[in-house]
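Undergrad: Just passing along the structure, written as structure tokens.
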Amino acid sequence: MEEKQYYMACLDLEGRRCLVVGGGKIAHEKIVGLVACGALVTVVAPEALPEVQALAAEWRQRAYESADLEGQLFVVAATDIRELNERVSQDAEARGMLCNVVDQPDLCSFILPAVHRSGPIAVAISTGGASPALAQRMRDEIAERYDERYVALARRLRELRPAAKEKFATYEERKEYFQQLVEEELGPK
């Protein structure tokens with residue numbers, strides 16, 4: 001059997017509406033990541049931890065309804081109720097909407113990698129849903145390798161982008177210029 005391949009992307013969630021179904025510890029973990037990226041998170045759950053309530057842009061204190069998906073970019077189902085998670089997944093699929101169901105990759109249209117952030121640098125590791133624990137271990141090991149020197153370099157290179165676009169006419173010229181700057185700062189591979 002061929003293993004499923006996922007398309008990796010970085011989403012701009014600033015000001016975008018996302019739904020989280022569930023109000024417990026796992027929901028809180030997902031909400032923290034979404035809010036850190038500027039998402040406006042709606043939580044639907046009959047009960048929610050105080051920290052979940054504090055982070056939510058809106059808390060709908062009740063059971064999930066299909067209509068909760070309206071106006072949302074995507075949904076994360078973070079409950080331990082398989083039937084509810086299946087319903088959320090099916091409702092999202094019927095709308096052509098992306099859905100992540102925590103710890104149930106068979107119900108997901110997207111999965112979430114283990115992420116480490118430091119300034120503009122984000123390191124994301126995925127095992128394709130096979131083992132979040134392994135992904136977290138790999139994320140931590142890789143994060144140790146890339147210290148503040150890389151963060152400072154990323155910020156400096158971002159500042160140089162507008163001038164490089166003016167100076168170099170083609171993408172290839174800009175690419176070569178930035179590769180040279182990286183090698184000058186960090187040495188050859």
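The values are calculated or read from the model by the stated rules, or taken from the named source; none is laboratory data. Note that the coordinates shown come from a computational prediction; the quantities given were computed from them, not determined experimentally. Note that each Cβ is placed from the backbone with ideal geometry, even for glycine, and that neighbours are counted across all protein chains shown. We work out accessible area using only protein heavy atoms, side chains counted, and drop any ligands, DNA or RNA first. Shrake-Rupley method; radii C 1.70, N 1.55, O 1.52, S 1.80 Å.
Undergrad: Suppose we keep only residues that are modelled with pLDDT of 95 or more and open to solvent by 70 Å² or more (accessible area, probe 1.4 Å) within segment 65-80. Which one would you say is farthest from the chain's Cα centre (by Cα)?
TA: Ranking the qualifying residues of segment 65-80, first place goes to GLU65.
Undergrad: Continuing with this model, one more query. Which of the residues spanning segment 129-171 are over 30 Å from ASP103 (Cα atoms), of a type in the set (Asp, Glu) and not in a loop (DSSP other than H, G, I, E, B)?
TA: Listed by number, the residues that qualify are GLU148, GLU159, GLU166.
This table checks each residue for (1) at pLDDT below 90; (2) over 19 Å from VAL76 (Cβ atoms); (3) over 14 Å from the mean Cα position of the chain (by Cα); (4) of a type in the set (D, E, K, R).
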| site | (1), (2), (3), (4) |
| --- | --- |
| PHE110 | no, no, no, no |
| MET138 | no, yes, yes, no |
| ILE142 | no, yes, yes, no |
| ARG149 | no, yes, yes, yes |
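Undergrad: Could you say whether any residue in segment 162-178 is free of Cβ contacts under 8 Å to residues at least 40 places away in the same chain and among the β-branched types (Val, Ile, Thr)?
TA: yes
Undergrad: Further, regarding this structure: Where the second residue is in a loop (DSSP other than H, G, I, E, B) and of a type in the set (Gly, Ala, Ser) and the first is touching a residue at least 24 places away in the same chain (Cβ under 8 Å) and open to solvent by 40 Å² or more (accessible area, probe 1.4 Å) and lies in segment 94-118, which pairs have Cβ atoms under 8 Å and are six or more apart or on separate chains?
TA: LEU98/SER109; PRO105/GLY128; PRO105/GLY129; PRO113/SER126
Undergrad: While we're on this one: Provide a single number: the residues in segment 48-64 that are open to solvent by 60 Å² or more (accessible area, probe 1.4 Å) and either polar (S, T, N, Q) or within 13 Å of ALA92 (Cβ to Cβ) (or both).
TA: Final tally of qualifying residues: 2.
Undergrad: Does any residue of segment 49-56 turn out to be over 19 Å from the mean Cα position of the chain (by Cα), over 21 Å from SER131 (Cα atoms) and part of a strand (DSSP E or B)?
TA: no
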